[in-house]
Amino acid sequence: MYLGRFVQSGFRNLEPLDLTFDPHVNIFLGENAQGKTNLLEAIYFLALSRSHRTNNDRELINFDQDFASLAGRVHQKQVDIDLRLVISKKGKSAWVNRIEQPRLSKYVGHLQAILFSPEDLELVKGAPALRRRFMDLEFGQVNPEYLYFASQYRQSLQQRNNYLKQLAKREASDKVLLSVLTEQVATSASEIISRRYRYLAGLNRYAASAYQAISGAREDLTVIYRPSAKTIAPGNDAQTIKAKLLARFAEIEDDELRRATTLLGPHRDDLEFQLDGKNAHLFASQGQQRSIALSLKLAEIQLIKELTGDEPILLLDDVMSELDQHRQAALLNFIHGKTQTFITTTDLEGISQEIVKQPRIYYIH
Ligand code: ATP
Ligand code: MG
């Protein structure tokens, strides 16, 4: 698939735009702080209805405007699809082929996008929240139910945490209500965790070979899920995971009441990256971390292709200058000229000649 026409207004510092992108390579060229990343972010937002760098959609609306509007035409193998999103201070609305969608989980998935940015280097050694965000963004776009359960989970988790606080302050004492809330949390949690296992297994089918191609090294990259409820294991189905969560919740009830918050579940789980069985969080060099992060994204492209039969689009923010010629060549090899690619850069010099052969260049100023 590729994104053809793209129209926007009111998104961050961008002037109103009406562009038609090249199906292959598009380069956004400009000085610092001109809006290159903002344009990539706008495309990413059109695809996922979420930003890669903020959870607060209001930040995306231009300081002097009340709303931002994004629209694009997606060209797929068979049909074209029109997407439209409006972000206002009250929330966002989404249309597919001019029909307003009742839920964002119905909207997401029509344009699949993989974004790689300097922040992704934090994926290996940064806070666990970054790795959870990675899973939520990547798996949400291949599985609408993942998004649905994630939003259910957020709601029931908040209710349960509020109730634990009330119990702790002795404003409430009904343990039956707590067990109802625990049951709700465990239901959506188990659906999320089982899907995370499933899609991580998919990523692992491609991650090692992507890593070897990108780094030129022979090490095996594997991604391992680290559940906060340690009794949960790979291969468990949602029902088993739910039963194990409920058993663990029963064991830690006193602790949760004392700390007045939910201590187990997808919001506490983490990922571990291993190179030849060694924890990359502890041992990986800067270069290895960069290669791990990039190979995960490339593995994700292949996984999406496997699951949907179509290519996602690839957004590369400021990464070319960070990759040497060898890694750029490896990246090119992966793209094969088939994946529509958007690249931001402050100058064309650091970019491999092969990439700039016939790109469409947009000057952002
Ligand atoms: P660099 O090369 O340094 O990465 P860039 O071209 O990627 O620069 P952007 O990150 O896209 O730059 O940001 C450009 C400008 O957008 C920033 O100076 C920022 O102040 C401005 N900006 C961010 N959010 C908003 C907003 N909501 N309204 C108006 N301007 C904004
Ligand atoms: Mg930038």
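Computed from the coordinates by the stated procedures, all read-outs in this text should not be read as laboratory data. The shown structure was predicted, so the numbers you read here are calculated from the model rather than taken from an experiment. Virtual Cβ from ideal backbone geometry, glycine too; neighbours counted across all protein chains shown.
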(message) What is the angle, in °, between the Cα long axis of helix 238-251 and the longest principal axis of the Cα atoms in the chain? Nearest 10 is fine, range 0 to 90.
(response) 50
(request) Any chance you could list the semi-axes, whole Å, largest first, of the equivalent ellipsoid that the Cα gyration tensor gives for the stretch 1-142, using √(5λ)? (result) 21, 19, 17
(request) At 0.36 nm per residue, minus the direct Cα-Cα distance, what do Leu130 and Arg258 gain on full extension? Give it in nm, one decimal, please. (result) 43.3 nm
(request) Just rank Asp18, Asp64, fewest to most, by other beta-carbon atoms within 10 angstrom. (result) Asp64, Asp18
(message) Whole angstrom only: what separates the Cα centroid of the stretch 298-324 from the Cα centroid of the stretch 79-106?
(response) 24
(message) Need the list of lysines near Lys77 for cross-linking: C-alpha distance under 26 angstrom, and skip anything on the same chain fewer than eight residues off.
(response) Lys106, Lys297, Lys305, Lys338, Lys357
(request) Could you list the square roots of 5 times each eigenvalue of the Cα gyration tensor of the chain, that is, the equivalent ellipsoid semi-axes, sorted largest first and rounded to whole Å? (result) 37, 26, 18
(request) Could you state the angle between the C-alpha long axis of helix 325-335 and the longest principal axis of the C-alpha atoms of the chain, as a value from 0 to 90 degrees rounded to the nearest 10? (result) 80
(request) Using only Cα atoms, tell me the angle between helix 175-215 and the longest principal axis of the chain; keep it within 0 to 90° and round to the nearest 10. (result) 30
(request) Apply 1/(1 + (r/R0)^6) to the Cβ-Cβ distance of Glu322 and Asn162, taking R0 = 51 Å, and write down the FRET efficiency to the nearest 0.05. (result) 0.75
(message) Run the helix sum for the chain: -39,500 (n - 2.57) per DSSP H stretch of 4+ residues, divided by residue count, reported at 222 nm to the nearest 500 deg cm²/dmol.
(response) -14000 deg cm²/dmol
(request) Take the Cα atoms of the stretch 116-156, build their convex hull, and give its volume per residue in Å³. (result) 67
(request) Have a look at Ala243, Ala68, Ala47 and tell me which one the Gaussian network model of the chain (Cα, springs below 10 Å) gives the largest fluctuation. (result) Ala243
(request) Hey, could you grab the Kirkwood Rh for the stretch 262-365? Inverse mean 1/r over distinct alpha carbon pairs, Å, one decimal. (result) 16.0
(message) Could you tell me which residue out of Phe273, Ser291, Ala243 lies farthest along the dipole of the stretch 242-365 toward its positive end? Charges go on the beta carbon: Lys and Arg +1, Asp and Glu -1, centred on the Cα centre.
(response) Ala243
